[in-house]
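Notes follow the structure.
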Amino acid sequence: RLYGCFRGDELRAGVAVGLVGPNAAGHPESSLTPYLGLLLPPVSDRVVTTQSTTKEITAVVAAFLRREFESVHFRFPPEVVDLQPFLWRGFQAGVRYTYRLKLENLDAVLAGMDATRRRNLRAAEKDGVLVVSDAPFTTMLELTEKTFHRQGREVGFRSGAVRVQAALAGANRCRAFVATDPSGRALGGVWIVWDERRAYYLIGGHDETAGSANATALAMWK
């Protein structure tokens, strides 16, 4: 559900809310998105203006969420740095980490990798591992399920993933990269989604019985 934050008739910001219960908001298991929550306006050239505007918006959103829901749990993107209005409203805040790689220079990315990872990539290629860059999504889900089952878990987001994939594929915003052996057997893979700014690795898995533990790493690199 999307809520708009207005000043008069002008849409200034918003908040994206996943409904996880009758009175609870946050990240549904089937949402398959790394972040939800605040949608802030573009950053101004004036730092003070940006900070004051953000705090004003955050305060309004915090009050709204506190009033509308009994339970709220979000993962905000790294761009949301001022959580003070949420703390004032009694929310708790914690720090989690995500990693972003700049991909303008792939040679620099490769050089910056751990030496072991570079050897893994070379070993996979030496083993004849090939990467299909537009593999069927069903193959990706099968690899993911094998990984979950190996850990004694069930994939609870399959139906949601199918819906999300269908929507993103129609907009050319996702792709499954699957590593195979020379015979075409799927070894491992990753599912990538993207917008105008970034690509995200959301789903991955591998077939432990198929060998080549380096296959998924090669799929990610490709």
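The values are calculated or read from the model by the stated rules, or taken from the named source; none is laboratory data. Please read these numbers as outputs of a predicted model, since none were measured by experiment. Ideal geometry is used to build each Cβ from the backbone, glycine not excepted, and the neighbour counts take in all protein chains shown. All accessible areas refer to the heavy atoms of the entire protein, side chains included, with ligands and DNA or RNA removed. Shrake-Rupley method; radii C 1.70, N 1.55, O 1.52, S 1.80 Å.
Looking across the stretch 22-59, the residues that are touching a Ser or Thr at 6+ places or on another chain (Cβ under 8 Å) and either open to solvent by 30 Å² or more (accessible area, probe 1.4 Å) or more than 30 Å from Arg158 (Cβ to Cβ) (or both) come down to Asn23, His27, Ser30, Pro34, Leu40, Pro41, Val43, Ser44, Thr50, Thr53. For beta carbons closer than 9 Å, sequence separation of 6+ or different chains, a first residue in the stretch 37-62 that is at pLDDT below 80 and a second that is not β-branched (Val, Ile, Thr), the qualifying pairs are Val43/Glu79. State whether the residues of the stretch 176-193 include one that is open to solvent by 70 Å² or more (accessible area, probe 1.4 Å), hydroxyl-bearing (Ser, Thr, Tyr) and modelled with pLDDT of 90 or more. Yes - at least one qualifying residue is present in the stretch 176-193. Which one is least open to solvent (accessible area, probe 1.4 Å) among residues in the stretch 162-175 that are among the hydrophobic types (A, V, I, L, M, F, W, C) and in contact with a Phe, Trp or Tyr (Cβ under 8 Å, 6 or more places away or on another chain)? Only one residue tops the list, namely Cys174. When the stretch 201-222 is limited to residues that are of a type outside the set (A, V, I, L, M, F, W, C), open to solvent by 50 Å² or more (accessible area, probe 1.4 Å) and at pLDDT 90 or above, the one that is nearest to Asp114 (Cα to Cα) turns out to be Lys222.
Screening the stretch 120-222 for helices (runs of 4 or more DSSP H) wholly inside it with 2 or more residues that are of a type in the set (Ser, Thr, Tyr) and touching a residue at least 40 places away in the same chain (Cβ under 8 Å) returns the ranges 137-150. Screening Leu103, Leu121 for residues that are crowded, with 16+ Cβ neighbours inside 10 Å, closer than 30 Å to Ala186 by Cβ and not small (Gly, Ala, Ser) leaves exactly one candidate, Leu121. Counting residues in the stretch 71-80 that are open to solvent by 80 Å² or more (accessible area, probe 1.4 Å), more than 16 Å from Tyr35 (Cα to Cα) and of a type outside the set (A, V, I, L, M) gives zero.
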